[in-house]
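The structure appears below as structure tokens.
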Amino acid sequence: MHVLVIENMPHSDLGLVGVALREAGACLDIRKAYAGDPLPANCDPFDAMVVLGGEQSALDDDLYPYLPALALLMRRFTETDRAVLGICLGSQLLARAHGADNHLGTAREFGWQPVVLTAEGLADPVLSAAGACFTAFQWHSDTFTLPPAADGLAWNEAVPLQAFRIGRASYGMQFHVEAGTAVIDTWKTIYKDQIDRIDPDWLSRSADLQARFGAASDKAGLAIARAWVDTIAVAPSGQAEGMHGVRNVCES
């Protein structure tokens with residue numbers, strides 16, 4: 001199983017998604033696109049793609065000129081029935097890739113928040129793995145409209161579109177499905193100043209909040225991650241050869 005991973009900012013961490021990929025024995029081709037790592041010319045060597053979050057917007061082409069090409073690559077993965085997982089910024093780019101509108105600065109959410117499945121989400125094999133309502137970690141200020149031909153899978157009162165699917169296995173998740181408590185503990189140190197600007201009291205309350213919500217959020221995130229990994233259709237032997245990634249990690 002060969003999976004392309006796109007990082008959009010330093011200190012990215014696959015977290016719970018990485019756990020699920022390791023369990024499946026995935027070989028990861030990790031590209032630090034924000035630092036100038038080249039995107040693959042096409043999707044032929046890969047079975048799936050993960051696009052992680054970042055501080056930029058999905059329309060920040062002037063500062064991050066690779067974003068249009070990344071959106072097109074995500075669309076190509078979808079069109080060739082390869083599994084895609086776009087997380088936070090990744091979900092916003094997936095929406096852009098499929099003709100949705102990106103709305104910047106209109107949907108701020110931070111911390112552990114509830115996510116509720118729609119009727120389509122309850123029938124979806126990936127989102128339903130976490131149950132009809134679950135807790136997930138949020139950190140974003142942008143949102144998007146539902147792409148044409150997509151199914152809206154989840155919502156909450158703050159942001160009506162929390163997750164969507166296009167085709168068989170191309171998923172956008174606005175919430176940080178990857179962010180288990182270990183990842184969040186790291187974020188609390190690395191991004192202390194940014195968190196203080198969002199909510200000056202949050203770090204002082206974070207231990208209590210984690211005790212209330214952390215375990216359930218970890219359980220839901222890992223269930224969703226494992227269910228998404230199960231959607232990856234592995235190419236017959238020999239068709240996924242020839243990967244020349246900047247960082248290639250085969251998990252076992």
Per the list (1) of a type in the set (A, V, I, L, M, F, W, C); (2) outside any helix (DSSP H, G or I); (3) farther than 17 Å from Leu89 by Cα, residue check on Ala154 breaks on (3)
Exclusive hit being surrounded by 14 or more Cβ atoms within 10 Å (Cβ to Cβ) and touching a Ser or Thr at 6+ places or on another chain (Cβ under 7 Å), set Gly214, Gly221: Gly214
Looking at segment 12-33 only, could you name the residues that are surrounded by 18 or more Cβ atoms within 10 Å (Cβ to Cβ), within 18 Å of Val234 (Cβ to Cβ) and not small (Gly, Ala, Ser)? Val17, Leu21, Cys27, Leu28, Asp29
Checked segment 25-61 for anything over 16 Å from Val84 (Cβ atoms) and of a type in the set (Gly, Ala, Ser); matches are Gly25, Ala35, Gly36, Ala41, Gly54, Ser57
Could you list, in sequence order, all residues of segment 156-180 that are crowded, with 19+ Cβ neighbours inside 10 Å and without any contact (Cβ under 8 Å) to a residue 60 or more places away in the chain? Val159, Leu161, Gln162, Arg165
Exclusive hit being at pLDDT 95 or above, surrounded by 13 or more Cβ atoms within 10 Å (Cβ to Cβ) and not in a loop (DSSP other than H, G, I, E, B), set Ile232, Ile195: Ile195
Can you name the condition, by its number, that Phe134 falls short on among (1) under 24 Å from Asp81 (Cβ atoms); (2) in contact with a Ser or Thr (Cβ under 8 Å, 6 or more places away or on another chain)? (1)
Does Gly238 qualify as being modelled with pLDDT under 95 and exposed (fewer than 12 other Cβ atoms within 10 Å of the Cβ)? yes
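The values are calculated or read from the model by the stated rules, or taken from the named source; none is laboratory data. Predicted model, so just to flag it, every value in this text is computed and none were measured. Using ideal geometry, Cβ is built from the backbone for each residue, glycine included, and neighbour counts are taken over all protein chains shown.
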